[in-house]
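Take a look at the structure below.
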Amino acid sequence: MGDLALKTGLIVDRLFEEEEEEDSLDVDSGGSPEDDEILNIARCLRKLGDEYNEIIQSHIKNLKPELNNLEKEQCSVQSVEVFSNMVNQLYSNPEMQRYQQLGFEMNLLRITVALGLGIAKEAPGLLPTIKNAMVNYINSKLLNWVQGRGGWENACAQ
């Protein structure tokens, strides 16, 4: 599972690289097959997160106290905890209940991606903290699910 955890970090890094270059997800990387695979998974995660983007954006303002905590706790264990609490708050929001048919883990993954991208837009200075928190959250809460699906390629294709 170590390789899968490492791959999670590469995918999250690529997701945010692509966010900076908005249209570059639509261009082939021209890299190795592994680079192309990471790019394709990042594209998939972006699409999954985009479906929740509108809902998440409307709630980011309500999460301002948590954002302030993230700023205080940058790149620390506490920042992962703060991010995790934000994901859990959003998951328990009644608006998110209409997506329950997708399954618990898929909902958490979509919320994690949309929240991370949303925070990065709202507070670009938190990007290293957000990336770290996302990777840690995914690796601690969702990695077994990803592995059970046969890896990132299959988990994204769901």
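Summary of packing: across the peptides 5-16, 119-130, the per-residue average of other C-beta atoms within 10 Å ranks them, highest first, as 5-16, 119-130.
Spacing of the modelled spin labels on Ser140 and Gln100, each 7 Å from Cα toward Cβ, amounts to 2.7 nm.
Solvent exposure of the range 57-155 amounts to 46 Å² per residue of accessible area, where only protein heavy atoms count and the probe is 1.4 Å. For the chain, the tally of Lys pairs with Cα-Cα distances below 17 Å comes to 9, considering only residues 8 or more apart or on different chains. Axis angle, to the nearest 10 degrees, between helix 33-60 and the longest C-alpha principal axis of the chain: 20 degrees. Based on the Stokes-Einstein relation at 25 °C and a viscosity of 0.890 mPa s, and on the Kirkwood radius from alpha carbon pairs, the chain is assigned a translational diffusion coefficient of 157 µm²/s. Here each label is just a point 7 Å from Cα along the line to Cβ, and for Gln57 and Ala157 those points are 3.1 nm apart. Between Lys72 and Gln147, the modelled label-to-label distance comes to 3.5 nm, taking each label 7 Å out from Cα in the direction of the beta carbon.
The values are calculated or read from the model by the stated rules, or taken from the named source; none is laboratory data. Remember, predicted model here, so these are calculated numbers, not experimental data. With ideal geometry, Cβ positions are generated from the backbone for all residues, glycine too; neighbour counts draw on all protein chains shown. Calculation scope for accessible area: heavy atoms of the full protein, side chains included, ligands and nucleic acids excluded. Shrake-Rupley method; radii C 1.70, N 1.55, O 1.52, S 1.80 Å.
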